[in-house]
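Peer 1: Sharing a structure here in structure tokens format.
The values are calculated or read from the model by the stated rules, or taken from the named source; none is laboratory data. For clarity, every value in this text was computed on a predicted model and none was experimentally measured. For neighbour counting, all protein chains shown are included, and Cβ atoms are generated from backbone atoms with ideal geometry for every residue, glycine included.
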């Protein structure tokens, strides 16, 4: 009796696993809920290079017109009321990034009841989810930090030709009484007063940080390190904290896994928020770079891999006389914190004291 079989390296099997990898990686990725192709997405997705050749995408920003106008029948031609439009641009460069998983060999596989293809898929999906999150937070923060759990080494300065851009003076705030990196100490922690200060800043700054609109209301996201979130929780009463947790917008992904909301700011925490160890007068104070985030704070661009499905190229090979399975997965992409006219766009760095409460 004849039976249909799809062999290890069959093209259809490769399509299935590359698509499956994309699905699993996105499920595990923290920043997925903040990504979108619309103008109000926190991380704006640029898909142009998935359909055409190229290594970069240039994004333009038009500034507001300034100055006075004319009144009544006063002539306008040749006056200062005729204004030139000003445009700035930023560029996202893409490049290929790859990882791989391999089995030891047929005898090692014989000892355990595992499907090595599935195990490789799951392991690679976790790696990609973590890597995308780490790349995103580094570019949004403009720094690598000192966390040794990242895939990239301490001292990493970016990839694909996209540089880290430190915040300009208009887009950085220090917690507590601190006014600079060198005078931050253990009293300068995240609290509700800091959140209220941020609200006052973003509502008056120009260029404005564009909000997310939820049910006709303006919202922003404040992303803090887990240790900073502990300080925030410790600084308020149980009743106030319960009130913060009640104010959540149903149905919006911006509220998914949020701690709550205060004064129009949706509160989030994540372990990957960039940490430092060289703040304070003695350059020995631990700190973190929390982020106040609005629309178009970051950009991500993907290129095509020639597979026709998903964003990933999936390749399986049997090595050592077909004894050992090796699985390779790669994607062409670039990430960037939005940066126009030498200024951050869509976000503010909020540096605070940050230390392990269990230490």
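Peer 1: Would you check if residue 350 is assigned to a loop (DSSP other than H, G, I, E, B), in contact (Cβ under 8 Å) with a residue 24 or more places away in the chain, surrounded by 24 or more Cβ atoms within 10 Å (Cβ to Cβ) and touching a strand residue (DSSP E or B) at 6+ places or on another chain (Cβ under 9 Å)?
Peer 2: Spelling it out, it is not the case that residue 350 is assigned to a loop (DSSP other than H, G, I, E, B), in contact (Cβ under 8 Å) with a residue 24 or more places away in the chain, surrounded by 24 or more Cβ atoms within 10 Å (Cβ to Cβ) and touching a strand residue (DSSP E or B) at 6+ places or on another chain (Cβ under 9 Å).
Peer 1: Find the residue count for the stretch 210-252, including only residues that are within 22 Å of the chain's Cα centre (by Cα) and part of a strand (DSSP E or B).
Peer 2: 10
Peer 1: It is to be established whether one or more residues within the stretch 274-281 are more than 20 Å from residue 138 (Cα to Cα), modelled with pLDDT of 90 or more and surrounded by fewer than 21 Cβ atoms within 10 Å (Cβ to Cβ).
Peer 2: Yes.
Peer 1: Tally up the residues in the stretch 194-219 that are modelled with pLDDT under 95 and touching a helix residue (DSSP H, G or I) at 6+ places or on another chain (Cβ under 9 Å), please.
Peer 2: Qualifying residue count, the stretch 194-219: 7.
Peer 1: Evaluate the stretch 170-180: report whether one residue or more is assigned to a loop (DSSP other than H, G, I, E, B), touching a helix residue (DSSP H, G or I) at 6+ places or on another chain (Cβ under 7 Å) and over 17 Å from residue 277 (Cα atoms).
Peer 2: No, the stretch 170-180 has no match at all.
Peer 1: Another question, then. Considering each residue of the stretch 172-205, count those that are touching a residue at least 12 places away in the same chain (Cβ under 8 Å) and over 22 Å from residue 229 (Cβ atoms), and give that number.
Peer 2: Counting residues in the stretch 172-205 that are touching a residue at least 12 places away in the same chain (Cβ under 8 Å) and over 22 Å from residue 229 (Cβ atoms) gives 3.
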